[in-house]
Amino acid sequence: VETGDLRTDLLAWGRSSLRFATSPVGQAVFRALLVADSDEIIPLARELRETVGGPRAVLERARSRGELRADADVELALST
């Protein structure tokens, strides 16, 4: 969801993530990730990040709209 407002976009992403994590499909995905070995997890995790985007994409869009400063440290925000 891209509403044009950083706070609203982050809340929408969080709610969507929570719905997925608590759904039967989401729980099955997490269980599968827990039992897979690391060679299987790395490509899957990369693909999920690229497909879904997550909070990094939300922050990058906000920065490109000028809602965040151009020099905002997105990596720092994601590390906390």
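For (1) in contact with a strand residue (DSSP E or B) (Cβ under 6 Å, 6 or more places away or on another chain); (2) closer than 22 Å to Glu75 by Cα; (3) of a type in the set (Lys, Arg); (4) without any contact (Cβ under 8 Å) to a residue 60 or more places away in the chain, each residue gets a yes or a no:
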site	(1), (2), (3), (4)
Leu11	no, yes, no, yes
Arg19	no, no, yes, yes
Ala28	no, no, no, yes
Asp39	no, no, no, yes
Leu48	no, yes, no, yes
Arg56	no, yes, yes, yes
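Looking only at helices (runs of 4 or more DSSP H) that fall completely inside region 16-80, which ones have 3 or more residues that are closer than 19 Å to Val1 by Cβ and open to solvent by 50 Å² or more (accessible area, probe 1.4 Å)? Break it down stepwise before answering.
Numbers: elements: 24-35, 38-52, 54-65, 74-79.
Of the helices (runs of 4 or more DSSP H) lying wholly inside region 16-80, those with at least 3 residues that are closer than 19 Å to Val1 by Cβ and open to solvent by 50 Å² or more (accessible area, probe 1.4 Å) span 38-52, 54-65.
The values are calculated or read from the model by the stated rules, or taken from the named source; none is laboratory data. All figures in this text were calculated on a predicted structure; none of them were measured in a lab. When we count neighbours, we look across all protein chains shown, and the Cβ atoms used for this are built from the backbone with ideal geometry, even at glycine. For the accessible areas, the whole protein counts, side chains as well, though only heavy atoms, and no ligand, DNA or RNA atoms are used. Shrake-Rupley method; radii C 1.70, N 1.55, O 1.52, S 1.80 Å.
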